[in-house]
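These notes are about the structure you will find just below.
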Amino acid sequence: MYCCDMPYVDLSFTDTSLVIIHQHLWLKIPCCCPPAMARIMRRCWHADPTKRPNMAEVVRLLEALNTSKGGGMLPDDRKMPGCFCLFTRHHGP
């Protein structure tokens, strides 16, 4: 999965929520994802809601990330930075 891909396209919002909560079916974090971003994602996905960061902390953590040159999110085979998924034909259901 990379930007603009629709996750869980065969499930309704309710079914998706239930599967994620009860079966711990979180999305795979891309291998090109910077470790700091992956840590934020894992904290937000914690099974115990009391251990998840609040929105103010998420914003603070995201603002602290180094996003220069794509922040490590561009796969090695991407020649140009940025998301060009708006020019593709299919974005999910």
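The values are calculated or read from the model by the stated rules, or taken from the named source; none is laboratory data. A quick note: this is a predicted structure, and the numbers were derived from the prediction, not measured. Ideal geometry is used to build each Cβ from the backbone, glycine not excepted, and the neighbour counts take in all protein chains shown.
Within the stretch 68-90, not a single residue is aromatic (F, W, Y), exposed (fewer than 14 other Cβ atoms within 10 Å of the Cβ) and either modelled with pLDDT of 75 or more or within 16 Å of the chain's Cα centre (by Cα) (or both).
Cβ-Cβ contacts under 6 Å between residues 6 or more apart (or on different chains), taken from a first residue in the stretch 23-40 that is closer than 18 Å to F13 by Cβ and without any contact (Cβ under 8 Å) to a residue 24 or more places away in the chain to a second residue that is of a type in the set (F, W, Y) and part of a loop (DSSP other than H, G, I, E, B), are listed as W26/W45. Picking from residues in the stretch 27-44 that are part of a helix (DSSP H, G or I) and aliphatic (A, V, I, L, M), the one that is nearest to R60 (Cα to Cα) is I40.
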